[in-house]
Amino acid sequence: MTVSLCTPEDLPELLGSAAALFAEDGGRRDPFMDTGWPARDGAAYYSALIGDPRCLCLLAGGGHLIGRLRSPDPLRPAAVTAVLESMRVGPAHRRSGAGTALVRAFLAWAAENGANEVTVQAYAANEGALAFYRAQGFEPFELTLRHRNGWLSTVDSSH
Ligand SMILES: CC(C)(COP(=O)(O)OP(=O)(O)OC[C@H]1O[C@@H](n2cnc3c(N)ncnc32)[C@H](O)[C@@H]1OP(=O)(O)O)[C@@H](O)C(=O)NCCC(=O)NCCS
């Protein structure tokens, strides 16, 4: 499985994969997700990322992976965190090891850059991604809890 570093010439391919991820994942699972963002602001965002030494941008299997070294957190001064910001494999290439190859390249990059922690976020409803990340060795650490629809009607506005 070939994993390649994104170059500025790869921007259209990266943008296409990022837009497809928005449509397939966030756009279906988060009612507040702005699925028009990649077409509107993606070119500026991803082209800055390709040239940023604190970011990793990879292509493989008709998809992509973006990694980023997080800024130091004064509350967790010993942590050097590399975040797997986004990833996707093209539907025709899934379950043939492309995702694993992308994550392995990300982990190697994180280690080379001094990270002692790697994190990723996924929607609780994205069972395929959660199973995939578990297969890569990730385990749940923090959870975001969200109140069900209708919580506004339970608020006592007399206070
Ligand atoms: C999640 C994703 C990146 C996985 O990529 P992939 O190339 O299919 O993954 P791999 O082939 O390397 O899978 C490795 C192992 O992970 C697990 N796995 C991967 N996809 C899985 C799925 N849908 N359901 C259950 N387990 C899965 C399996 O253990 C698999 O090994 P196996 O095929 O021998 O059983 C891909 O399915 C995808 O792009 N999904 C849509 C976008 C998405 O959800 N991205 C993540 C957003 S947080």
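Between the range 1-64 and the range 115-159, the alpha-carbon centres lie 22 Å apart. Amide H contacts for Thr35 (H built 1.01 Å from N in the peptide plane; partners 5 or more residues away or on another chain; cut-off under 5 Å): none found.
Sparsely packed loop sites in the range 112-146 (the GluC sites (Glu not before Pro) outside DSSP H, G, I, E and B with at most 16 other Cβ atoms within 10 Å) comprise Glu142. Using just its DSSP H runs of length 4 or more, each adding -39500 (n - 2.57), the chain gives a mean residue ellipticity at 222 nm of -8000 deg cm²/dmol after division by all residues.
First check a/c for the chain, with a ≥ b ≥ c the square roots of the eigenvalues of its C-alpha gyration tensor; if it is under 1.5, answer rounded, and if not, answer prolate when a/b is larger than b/c or oblate otherwise.
prolate
The calculated FRET efficiency for the pair Leu143 and Arg76, based on their C-beta separation and a Förster distance of 22 Å, comes to about 0.80. Counting charges near Ser71 (Lys, Arg +1; Asp, Glu -1) among other residues having Cβ under 13 Å from its Cβ returns a value of +2. Here the Karplus curve 6.51 cos²θ - 1.76 cosθ + 1.60, taken at θ = phi - 60°, turns the phi angles of the range 75-87 into couplings of 7, 9, x, 7, 8, 10, 10, 9, 9, 7, 6, 6, 7 Hz, with x standing for Gly and Pro. By the beta-carbon count within 10 Å of each Cβ, the least crowded to most crowded order of Trp109, Trp37, Trp151, fewest first, is Trp151, Trp37, Trp109. Taking chymotrypsin sites (Phe, Trp or Tyr not before Pro) across the range 19-76, the ones in a DSSP loop with at most 16 further Cβ atoms lying within 10 angstrom of their Cβ are Phe32. Fewest neighbouring Cβ atoms within 10 Å first, the residues Thr154, Thr35, Thr81 line up as Thr154, Thr35, Thr81.
Only sites in a loop by DSSP and with at most 11 other Cβ atoms within 10 Å count here; which trypsin sites (Lys or Arg not before Pro) in the range 17-109 make the cut? Those that pass, being in a loop and sparsely packed, are Arg95.
The label point for Ala108 and the one for Ala124, both projected 7 Å from the Cα toward the Cβ, are 3.7 nm apart. For the range 21-27, the Karplus equation 6.51 cos²θ - 1.76 cosθ + 1.60, evaluated at θ = phi - 60°, returns couplings of 5, 4, 5, 7, 10, x, x Hz by residue, with Gly and Pro reported as x. Net length available on complete extension from Tyr45 to Ser153 is 35.1 nm, with 0.36 nm assigned per residue and the Cα-Cα distance removed. Taking other Cβ atoms within 10 Å as a rough exposure proxy, Ser47, Ser158 sort from fewest to most as Ser158, Ser47.
Treat every Asp and Glu Cβ in the chain as -1 and every Lys and Arg Cβ as +1, leave all other atoms uncharged, and give the resulting dipole magnitude about the Cα centre to the nearest 20 debye. Display every interim value, and only then the final one.
Numbers: 14 positive and 17 negative charges, 66 e Å.
For the chain, the charge dipole is close to 320 debye.
Inter-label distance, Phe32 to Val3: 3.3 nm, where each label sits 7 Å from its Cα along the C-beta direction.
Of the residues Asn126, Thr144, Leu5, the one whose Cα sits farthest towards the positive end of the charge dipole of the chain is Asn126 (charges of +1 on Lys and Arg Cβ, -1 on Asp and Glu Cβ, taken about the Cα centre).
Read-outs throughout are calculated quantities, based only on the coordinates presented, and are distinct from any laboratory measurement. Values in this document were obtained by computation on a predicted structure and should not be read as measured data. Quick reminder, even Gly has a Cβ in these numbers, built from the backbone with ideal geometry, and neighbours come from all protein chains shown.
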